[in-house]
Amino acid sequence: MANDQIPAQQQQWPGTTKDMTPAPDHGESSYTGRDRLVGKKALITGGDSGIGRATAIAFAKEGADVAIVYLPEEQADAEETTKQVEAAGRTCVRVPADLRTQEAAEQAVRQAVEGLGGLDTVVSNAGFQMAHQSLEDFPDGQIERTFSTNVFATFWVAKAAVPHLRPGSTITITTSIQAFQPSQPLLDYAATKAALNNLTVNLAAELGPQGIRVNAVAPGPIWTPLIPTTFPGEKVEGFGSDTPLGRPGQPVEVATAYVYLASDEASYVSGTVLGVTGGKPVF
Ligand code: NAP
């Protein structure tokens, strides 16, 4: 587990894992698989870094092959995730794509299905945020970027993936503590995460009769590249220390929630939001 206290630091979006201090824990050595997803084929958007990378590694250690979608400029992070998945003896299909158009989202799902030879589980996890002090500071185009990355892409990926899914398949959507406790500098982002909670409930209702479960994971403050790239350096200092557990979460500590929801252990769990927040409430 990395150090608990985070020092001040800043990077340009989209940022890289190697420039983070301390290095996040994605479960490379701390996660032990227990054959909970043997033979599954999983698509993970935003799978090159942070929560997505930890989920890819955990899924692989549990016996799943994975396809990861990431922005093309993040090839280095994607290659590191691939290395870790392959070290677990599983296949990693790399799908570089900017998911902000329906065409790209559909193409990404097609490539994942072809590369994996099918699809059982989808983790819609790609996300964008950028903090600003007031409404007038939000640059033109940000709200479109935030909504297209977080909400529209999730809708398009789900729509393209469902025809490939079968009874027992799952979709898990990354929402956020921000859907429950919105902070003003993230006002567009918080709204997208609330929308995703809502989408989760309706997708679960629609797909339940097909035996497909749909859930959400709502992380609290997790130490990933998103943080030093989207908050001012001084706000990063002590990140997560305001939680009841007094520290940020590591990506591996969130990955366990995705494993559970994708596994048969969660066979009667659908339409819910699982908080992984260090003690902050998600209701
Ligand atoms: P991260 O490592 O920066 O992950 C964000 C991912 O989204 C990256 O893989 C990024 O790809 C991908 N992405 C962004 N825009 C994209 C686009 N247009 N097309 C395709 N992929 C795109 O940070 P993270 O914290 O793990 O974030 C994962 C999810 O957790 C996000 O949905 C985020 O909102 C959510 N979350 C995070 C926290 C937290 O404290 N970290 C808390 C609550 C919720 P590249 O790496 O290629 O840029």
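The values are calculated or read from the model by the stated rules, or taken from the named source; none is laboratory data. These numbers were taken from a predicted model, which means no experiment stands behind them. Note: ideal-geometry Cβ built from the backbone for every residue, glycine included; neighbour counts use all protein chains shown. We work out accessible area using only protein heavy atoms, side chains counted, and drop any ligands, DNA or RNA first. Shrake-Rupley method; radii C 1.70, N 1.55, O 1.52, S 1.80 Å.
Tell me which of 138, 240, 198 sits at the most positive position along the dipole axis of the chain, charges placed on C-beta atoms (Lys, Arg +1; Asp, Glu -1).
Of 138, 240, 198, it is 198.
If eta is 0.890 mPa s and T is 25 °C, what Stokes-Einstein diffusion coefficient results for the chain, Kirkwood Rh from Cα pairs, in µm²/s?
Translational D for this selection: 133 µm²/s.
How much accessible surface does residue 59 have with a 1.4 Å probe, in Å² rounded to 10?
Roll a 1.4 Å probe over it and residue 59 shows about 0 Å².
Which angle between 0 and 90 degrees, to the nearest 10, do you get for helix 102-116 versus the longest principal axis of the chain when only C-alpha atoms count?
50 degrees
Where both partners of a DSSP beta bridge lie in the chain, what percent of those bridges are antiparallel, to the nearest 5? If you can, show how the numbers build up before the last one.
Working: 0 of 27 bridges.
DSSP beta bridges in the chain are roughly 0 percent antiparallel.
I need the phi-derived Karplus couplings for segment 6-23: 6.51 cos²θ - 1.76 cosθ + 1.60, θ = phi - 60°, integer Hz, Gly and Pro marked x.
Per-residue couplings from phi come out as 9, x, 4, 5, 8, 9, 7, 4, x, x, 10, 5, 5, 8, 8, 10, x, 5 Hz.
From the phi of every residue in segment 243-255, what ³J(HN,Hα) in whole Hz does the Karplus formula 6.51 cos²θ - 1.76 cosθ + 1.60 yield, where θ is phi - 60° and glycine or proline is x?
7, x, 7, x, 7, x, x, 9, x, 4, 6, 8, 4
Which cross-chain or sequence-distant (5 or more) residues have an amide H under 5 Å from the amide H of residue 126, H modelled 1.01 Å from N in plane?
Counting only residues 5 or more places away or on other chains, the set is 45, 46.
Using a ≥ b ≥ c from the Cα gyration tensor of segment 1-115 (square roots of the eigenvalues), is it rounded, prolate or oblate, where a/c under 1.5 gives rounded and otherwise the larger of a/b and b/c decides, a/b for prolate?
Judged from the Cα gyration tensor, segment 1-115 comes out oblate (a/c at least 1.5, b/c at or above a/b).
I'd like the Karplus ³J(HN,Hα) series for segment 31-42: coefficients 6.51, -1.76, 1.60, θ = phi - 60°, whole numbers in Hz, and an x wherever there's a Gly or Pro.
After applying 6.51 cos²θ - 1.76 cosθ + 1.60, I find 9, 10, x, 10, 6, 8, 9, 4, x, 6, 10, 10 Hz.
Between helix 75-87 and the chain, what is the angle of the helix's C-alpha long axis to the longest principal axis, kept within 0 to 90° and rounded to the nearest 10?
So the inclination is approximately 50 degrees.
Show that you can apply the helix-only estimate: for the chain, add -39,500 (n - 2.57) for every DSSP H stretch of four or more residues, divide by all residues, and state [θ] at 222 nm to the nearest 500. Intermediate values should be presented prior to the final figure.
Details: 9 runs with 97 residues, N = 283.
That calculation yields -10500 deg cm²/dmol at 222 nm.
Where the accessible area of the chain is counted over protein heavy atoms with a 1.4 Å probe, how much of it, in %, is carbon and sulfur? Could the numbers behind the result be given before it?
Working: 6150 of 11780 Å².
Carbon and sulfur together cover 52 percent of it.
Counting only heavy atoms of the protein chains, get the accessible area per residue of the chain (1.4 Å probe) and round it to a whole Å² value.
Accessible area per residue: 42 Å².
Around residue 200, what is the net charge, scoring Lys/Arg as +1 and Asp/Glu as -1 over all other residues with Cβ under 12 Å from its Cβ?
Cβ neighbours under 12 Å give a net charge of +1.
Return one number: the angle in degrees, 0 to 90 and rounded to the nearest 10, between the long axis of the Cα atoms of helix 50-61 and the longest principal axis of the Cα atoms of the chain.
The helix 50-61 is inclined about 30 degrees to the chain.
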